[in-house]
Structures are given as structure tokens and as C-alpha cells.
Amino acid sequence: MKQSKDHKFIPITSSNSNSGREITEDVFYYTNQIVNIVMIGQAGKEGWVLVDTGMPKCAEEVLGIANARFGANPPAAILLTHGHFDHVGNIVSLLEAWANTPVFAHSLEFPYLTGIKDYPEPDTSVEGGMLAKLSVLYPHQAIDIGERLSPLPEQGEVPFLSDWRWIHTPGHSPGQVALFRERDRMLLSADAVITVRQDALYKVLVQKKEVNGPPRYLTTDWKAAWDSAAKLQQLKPRVLIAGHGEAMEGDALDVGLSNLVADFDKVAIPQYGRFV
């Protein structure tokens with residue numbers, strides 16, 4: 001196993017970094033610099049699942065949070081919503097610490113997770129704020145965790161989480177997935193829909209809460225991204241935990257999602273850029 005050749009610490013943070021929030025007794029999310037990871041399972045119990053692994057070079061931080069919540073119990077599985085650097089940044093170190101933990105991802109992400117294909121370089125020319133320009137710093141090369149990687153089941157089942165299902169949400173990346181639980185209408189949207197303007201430095205620093213489309217500098221298929229946002233809006237989630245930004249619920253979430261989908265071409269799709 002190996003991280004990408006351009007694997008490195010990224011010196012960007014936010015006001016919520018190093019903090020976590022329990023949404024329900026079995027769903028906890030933690031902000032690592034500018035990205036969220038989610039831990040699903042009862043605190044102190046076995047059989048929990050980690051969703052994504054955070055920013056590069058932060059494995060000790062993630063391990064510390066996991067140990068504080070679950071003690072010596074390693075996760076039953078790691079689920080990757082997609083393979084961008086801020087979602088797989090600690091995967092190799094975590095797998096070395098958790099020797100028997102498998103990893104699951106959509107099969108369309110496999111080329112980027114098995115060392116076969118690099119993601120396109122971030123688009124620094126895209127319309128957007130300072131973080132779009134700074135995206136030249138972000139790793140984009142493939143990692144290789146093939147020996148521990150398995151595809152998600154085809155019918156939407158989530159391994160070890162029988163009351164959740166995965167939903168294919170391409171656009172930001174070919175095999176991105178979201179997770180949804182029907183009984184409380186909880187949605188983990190990854191980067192298909194986020195709750196902060198991720199290309200705007202100030203808004204990321206203060207974590208200004210607003211429903212947005214995916215990060216502009218790494219999204220390569222805007223038509224698919226619009227379709228994915230509409231698919232998630234139709235679920236009518238009551239609670240949203242996105243890959244970036246604070247959790248949202250209630251009227252603000254309903255209105256925000258509806259407005260995003262209705263005006264996606266105006267508020268989410270940039271006016272110019274390599275992938276527009």
C-alpha cells in the first residue's frame with residue numbers, strides 16, 4: 001500500500017478544526033482542518049464504520065478521536081465516499097494501525113485507489129475565490145490500497161450498516177457516493193452537496209453555513225453534479241452531514257437544497273474553467 005507520490009501536509013484550516021459533534025447516539029462527525037469524517041456506531045462498541053479518513057498527515061489525530069470514542073475497538077470497515085486527497089489522506093496509516101479492517105468504495109473510484117490513474121489536476125483557472133487559486137497545492141495523484149479494497153455491493157447495501165444505503169452521486173468524481181438512512185432521513189452527502197463555499201477562503205475559515213454545490217476546482221462533470229444534487233434533494237433529508245461545512249437540518253436545509261437545485265447553473269456551476 002502507498003499514499004500518492006504528492007502526499008503532503010496542507011497548511012489550511014478552519015474555525016471548526018479539531019472539533020466534533022454527535023448528531024445521534026450512533027452518528028458522530030469530526031472536522032479535520034477543512035474536511036469532515038464520520039464515525040457510525042455506538043460509542044464504546046464494536047462494529048462501527050469510519051466514513052472517509054481526512055486530510056494528509058493527520059493519522060495520529062484521527063486515531064486519537066477514534067480511540068476516544070470507541071476505545072481499542074477498530075472499525076469493522078472504512079467506507080470511502082471518493083478518492084480525493086482530503087478524503088483518503090490518512091488511509092494507509094490507518095490501515096497499518098487497523099490490520100484487519102477492509103475498505104469499500106464504488107468501483108468507478110478503483111483506478112484512483114489502486115495506483116492506475118491520477119485524478120485531473122485541480123483547476124486553478126476556475127471562477128472562484130482564493131482557495132480555488134491555492135488548489136495547485138492539493139495532491140491529485142493515485143494512491144494504492146488495492147490489497148484491502150473491495151467494491152460496494154451493487155444494490156445499494158452498505159457493509160456492516162444494514163439500515164443505510166449508498167447512492168451514486170457522480171460529477172465531483174466518477175464514483176462518488178452519498179449515504180442515506182431512511183428511518184431518520186439522515187444524509188451523508190460527501191462533496192455532492194456541501195454546506196460551505198469551499199473555494200472562498202474567508203467562508204472556509206469561519207465555516208459560514210450555506211448550501212453549495214461541490215468544490216469547483218476539483219469537479220469535472222457539472223451536468224452529472226447537477227443531477228446528483230437533484231437526486232439528493234429528492235430524498236428530503238432531515239439532517240445533512242456534508243464533506244465540508246457544518247451539519248444542517250430543518251427549514252434552512254430544505255430551502256437551501258431546493259434553491260441549490262433550482263439555480264444550480266447560476267450558483268454552483270462556475271462561469272468559466274477547464275471543466276465548464
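The values are calculated or read from the model by the stated rules, or taken from the named source; none is laboratory data. What you are looking at is a predicted structure, and each value in this text was computed from that prediction instead of being measured. Note: ideal-geometry Cβ built from the backbone for every residue, glycine included; neighbour counts use all protein chains shown.
Does region 81-137 hold any residues that are farther than 24 Å from Phe275 by Cα, in contact with a strand residue (DSSP E or B) (Cβ under 6 Å, 6 or more places away or on another chain) and either outside any loop (DSSP other than H, G, I, E, B) or of a type in the set (A, V, I, L, M, F, W, C) (or both), and which are they?
Val103, Phe104, Thr114
Out of all the residues in region 121-159, which are polar (S, T, N, Q) and either crowded, with 16+ Cβ neighbours inside 10 Å or out of contact with any Phe, Trp or Tyr (no Cβ under 8 Å at 6 or more places or on another chain) (or both)?
Within region 121-159, the subset polar (S, T, N, Q) is 124-125, 135, 141, 150, 155.
Result: Thr124, Ser135, Gln141, Gln155.
If you scan region 140-157, which residues turn out to be touching a residue at least 40 places away in the same chain (Cβ under 8 Å) and under 12 Å from His106 (Cβ atoms)?
Leu149, Ser150, Pro151, Leu152, listed by residue number.
Looking at Asp227, Asp199, Asp184, can you tell me which residue is at pLDDT 95 or above, out of contact with any strand residue (DSSP E or B) (no Cβ under 8 Å at 6 or more places or on another chain) and in a loop (DSSP other than H, G, I, E, B)?
Numbers: Asp227 fails: in a loop (DSSP other than H, G, I, E, B); Asp184 fails: out of contact with any strand residue (DSSP E or B) (no Cβ under 8 Å at 6 or more places or on another chain).
Within the list Asp227, Asp199, Asp184, the selection yields Asp199.
Examine region 143-155 for a residue that is of a type in the set (Gly, Ala, Ser) and assigned to a loop (DSSP other than H, G, I, E, B), and state whether such a residue exists.
No: zero hits.
Would you check which residues across region 45-73 are charged (D, E, K, R) and either under 16 Å from His84 (Cα atoms) or surrounded by 17 or more Cβ atoms within 10 Å (Cβ to Cβ) (or both) and list them?
Asp52, Lys57, Glu61, Arg69
Residues are listed down the side, and each one gets a yes or a no for (1) within 24 Å of Ser19 (Cα to Cα); (2) touching a Cys at 6+ places or on another chain (Cβ under 9 Å); (3) buried (at least 22 other Cβ atoms within 10 Å of the Cβ):
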position	(1), (2), (3)
Ala192	yes, no, yes
Leu205	yes, no, no
Lys208	yes, no, no
Tyr217	no, no, yes
Lys223	no, no, no
Gly243	yes, no, yes
